[in-house]
Amino acid sequence: MAAVLLAGQRLPIAPGQSVLDTLLAAGIDIAHGCGVGVCARCLVRTDPSLAPESAQRPLRSALRTRGYLLACQCRPNADLPIELIDAQALQVSATVVEARKIAPDICRLRLEPDLPFAYQAGQFIHLGAPDGSARAYSLASLPERDRYLELHVERIPGGRVSGWLHDHVRAGDRVTFSGPCGEAVYSPGQEQTPILAVATGTGLAPLLAVARDALASGHRGLLHLYHGARSVAGLYGRGWLEELLRDHDTFAVHRCLSGSGVSGSGVETKAPGVDSEVEPARPDDTLGLRHGRALDLALVDHPDLRGWRVYLCGHPDMVRAGRKRAYLAGAAMADILGDPFLPT
């Protein structure tokens, strides 16, 4: 039986358990959160040659090469020596230069880090609140093109971090974050590959960054962006999208409004007596509204995804369902990238 080796202790890993499960069962005090590899609070370190790739995938390359991994995603087949890390050592300090509402329940935060901060368009950071809680927020900004880091924060009912950001954080305040993480980024060298991007809610933020990055890099293939929300107010960002449409004829936007009985998450739910929530694409529709779930509409418009690259960001149910449905539509699993947005 494999074991975790920590400070002279040998902690056997029970079948099906992760390194995080093993540490917590042994009473080891380790920061943790979501348990699915999104919040990245359970970082530990090992010999880089021993770190399983699956436990490092969301982390930036600088952390991977130094042997950092996510304890919740690590299920080793052999003994694994680890060391706990000081989370404060990975924190970045920044000044809030703007905190402004851009929709009834969405605020835009712009941050200026104290030191240069390297990231890729579409990645996310973990922003800490004064009570010790943290939340992953995707970056809508573009490195080397935008001066500030930009986050789009949706207010979640009862959410500790989103409530604090909406109600208390103002321009001039100081915040700390860690990161970046995430692999849902644009890949240079695939300029002809068609892209299908599906977002719900503030999942628009990273996909807007990916779209901007792709188009600025000379992407020549089709790029279709579907953005879904339960209400018109949630379909924010019209100005940014119109600017991209004006400058790039291979770019198309579909704003998808969930109707009665539609959850907005992309899961298979329908109102009683309703056979279909899908409205087919209209050639003259650029930024007009379409009724239906974004994922459903995207797959009706593009039933064959062989050779496509697919990005999914937003509600966890949509991302989960989207991975499966895109694969069944022919997309290669390696070309299906996404980040679920967990409420906090």
Seminar exercise, completed: Counted residues in the range 295-322 being buried (at least 18 other Cβ atoms within 10 Å of the Cβ) and part of a helix (DSSP H, G or I) come to 11
For this session: Test Tyr226 against the stated conditions and say whether it is surrounded by 15 or more Cβ atoms within 10 Å (Cβ to Cβ) and more than 25 Å from Gly292 (Cβ to Cβ).
Result: no
Problem set entry | Residue selected from the range 155-182 under the condition surrounded by fewer than 21 Cβ atoms within 10 Å (Cβ to Cβ) and in a helix (DSSP H, G or I), by the criterion modelled with the lowest pLDDT | Arg160
For this session: Considering each residue of the range 123-181, count those that are in contact with a Gly (Cβ under 6 Å, 6 or more places away or on another chain) and under 12 Å from Leu111 (Cα atoms), and give that number.
Result: 2
Exercise. Quick one: in the range 101-149, which of the residues that are surrounded by 19 or more Cβ atoms within 10 Å (Cβ to Cβ) and among the β-branched types (Val, Ile, Thr) is nearest to Leu235 (Cα to Cα)?
Worked result: Ile106
Problem set entry | Residues located in the range 107-154, provided they are in a loop (DSSP other than H, G, I, E, B), among the small types (Gly, Ala, Ser) and in contact with a Phe, Trp or Tyr (Cβ under 9 Å, 6 or more places away or on another chain) | Ala121, Gly122, Ala129, Ser133, Ala140, Ser141
For this session: Return yes when Arg75 is basic (Lys, Arg) and assigned by TED's automatic domain parsing to the domain that holds Thr176 and no when it is not.
Result: no
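The values are calculated or read from the model by the stated rules, or taken from the named source; none is laboratory data. Bear in mind that the values here come from a model prediction, so they are computed numbers and not experimental data. So basically every Cβ, Gly included, is an ideal-geometry build from the backbone, and we count neighbours across all protein chains shown.
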